[in-house]
């Protein structure tokens with residue numbers, strides 16, 4: 001009986017820790033992609049002569065950021 005209680009509480013505690021770890025990892029991944037890889041990809045596109053593709057990507061991401069910011073403001 002004591003073992004069963006231990007196993008249940010073990011999964012409860014480490015389940016919450018796993019959930020927190022996954023949320024944190026996802027947040028760090030989004031930050032890394034947004035602030036490191038996206039600018040590097042855009043600069044590489046411009047330097048390789050693909051400015052025709054880099055500008056629309058930049059405009060799309062800018063509009064997406066504006067819409068997300070407006071939606072966030074509207075819910076607050």
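Computed from the coordinates by the stated procedures, all read-outs in this text should not be read as laboratory data. In this text the structure is predicted, and so the values were computed from the model without any measurement. For neighbour counting, all protein chains shown are included, and Cβ atoms are generated from backbone atoms with ideal geometry for every residue, glycine included.
Values for this structure:
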quantity	calculated
Chain lengthening between residue 33 and residue 64 when straightened (0.36 nm per residue, less Cα-Cα)	9.6 nm
Degrees between helix 2-32 axis and first principal axis of the chain (Cα, 0 to 90, nearest 10)	10 degrees
Label point distance in nm, residue 17-residue 72, each placed 7 Å from Cα along Cα→Cβ	3.1 nm
The chain: angle of helix 51-75 to the longest principal axis, Cα-based, in degrees nearest 10	50 degrees
Scaled radius of gyration (Cα, divided by 2.2 N^0.38 Å) that the chain gives	1.86
Neighbour-count order for 4, 53, fewest beta carbons within 10 angstrom listed first	4, 53
